[in-house]
1. For chain B, the longest stretch holding no GluC sites (Glu not before Pro) located in a DSSP loop with at most 16 other Cβ atoms within 10 Å is which?
2. Tabulate in residue order the Karplus-calculated ³J(HN,Hα) for segment A:19-25, using 6.51 cos²θ - 1.76 cosθ + 1.60 with θ = phi - 60°, rounded to whole Hz; enter x for Gly and Pro.
3. Hey, got a sec? Which chymotrypsin sites (Phe, Trp or Tyr not before Pro) in segment A:1-95 land in a DSSP loop and have at most 12 other Cβ atoms within 10 Å?
4. Helix A:199-231 versus the longest principal axis of chain A: what angle, 0 to 90°, nearest 10, using Cα atoms?
5. Just want the answer: with Cβ charges of +1 for Lys and Arg and -1 for Asp and Glu, which residue in A:PRO171, A:TRP125, A:LEU108 is farthest toward the dipole's positive end in chain A?
6. Once label points are set 7 Å from the Cα along Cα→Cβ at both A:VAL30 and A:TRP84, what is their separation, rounded to one decimal in nm?
7. So what is the calculated 222 nm ellipticity per residue for chain B, using -39500 (n - 2.57) for each DSSP H run with n of 4 or more, over all residues, to the nearest 500 deg cm²/dmol?
8. For peptide B:173-181, compute the average count of partner chain beta-carbon atoms within 10 Å of each residue's beta-carbon.
Amino acid sequence: MFKFLYHYSSLRNFYFFSEKLLPFLLITFVCLVTYSIYGALISAPADYQQGDSFRIIYVHVPSAWMSLLIYMVMGLSSVSVLVWKIKLAEITLSAVAPIGAVFTLIALVTGSIWGKPMWGTWWEWDARLTSELVLLFLYLGVIALLNAIDDRRTGARSASILCLIGIVNIPIVHYSVEWWNTLHQGPTVSKFSSPSIHIDMLIPLLTMTVAFMLYCLIISLYRIRTMILVYDKDSQWVKNVITDNREQI
Amino acid sequence: MSTDTTTWNTLFILVRRDVLKTWRESADLLYPIMFFVLVTILFPFALSPEILVLKSFAGGLLWIATLLAMSISLENLFKTDYSTGALEVIVLSGVPLLLVGLAKAIANWVLSGLPIIILAIPLALSLGIDAFSLSILLLSLTLGSATISLIGTAIGALSVGLRSSGMLVIVLALPFYIPLLIFGAVATSNSQAGVIPEAELYFLAGLLALAVTLTPWATASAIRTRLS
């Protein structure tokens, strides 16, 4: 187990492993996203109250979930950075932070577009909207700190500490804000016993979420791979990779 | 027993050192406090000089002014120690970094939290707060400002010695203060409605307990990272 982890956390091995992994991920992603778009736009019935405008849920909800999931990934990377000093985790942390920030922004913007016809307002000082906005600032804080420190390793370690302070704070912010004011509809998907969403609407939503996850994974892998090359630029294997590619072109 | 007393001694020495140092460097001490008063007296100009209007906003106004002023004070917390090398000497001396982190937070609270709480009394009265709400406001400010100092010290340690660290600290720290602001401001406005805001004060006390136990670790590991 540890031998396995050790093997793939070395930058070089990860680079070649992810190269083999990417085509499969891409194919699965394309199939899944095609099916989900069909399911979301055509086969799912229109909502009896919200009409067709509810279909923005297929972008809004997965992005909101991604914004949280990516912060969790950053939290795990932070622990690996601080405890085991894994270089790959340092790179992962700085690679996924902007992706998380963008998904948070997408969740906010689509939520606002959805809110206009449904609640009659672009922005409402509602609990979930506000805590999502705070999450955006937590992401921006991590990115700002990463950019402010020139040395990549101390930068990653500092950002990890900030990220962990954020992890402790996210539930506190969330519940305090919820306690403060709430208008957003309650959770409709996670009530497993009897979800208050029609099954034909739910399945595309779940597949779309998996597609979003795959998308995040693919984009992160591309970013991580590029960063690995920059990080290890003085080593021989990177020189080989780069010159090989040139010869092929 | 003996280790206990040396721990407290070390903590006391560290705090006293920070307090004395800033006391003699009066600008660092004065700017955040002046800022606090200035921000508070800006609000009547912006909102309304009517005491009835100001009264309903008073708790929130003073809380926002406190957050901003205390964020400003964070920049100087590690600055001179870092640039003169004193921080490295402290780290090399073998004092547990947890104690250093805790001492910095206590010093920050004594130097900026305490004066702000004292100055909040005349300012709150001038904004039309009655005696009962004032006592609740001061209690919530005491609990809240201690938490602010603890979180702020950790964030300040992260950005010590960086370019434009002053702005960076404020931007990084403010999102973490939102729960404090919510409970503090709501406690004050509830007390103005005649309710004793027990729940909010307990929440603030709980957050303080959480901050005392967790943030010194973050500060310690931040100092270690910045000096490595």
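Read-outs: derived from the displayed coordinates by stated rules, not from any lab. What you see is a predicted model; the values in this text were computed from it and never measured. Every residue, glycine among them, receives a Cβ derived from its backbone with ideal geometry; neighbour counts consider all protein chains shown.
1. With a cap of 16 other Cβ atoms within 10 Å, the longest stretch comes to B:51-228.
2. Along segment A:19-25, the couplings run 4, 6, 6, 4, x, 4, 4 Hz.
3. A:TYR48
4. Tilt of helix A:199-231: around 20 degrees.
5. The Cα lying farthest towards the positive end belongs to A:PRO171.
6. Here the modelled spin labels are 3.4 nm apart.
7. Helix contribution divided over all residues of chain B: -29000 deg cm²/dmol.
8. Mean inter-chain Cβ contacts per residue within 10 Å come to 6.
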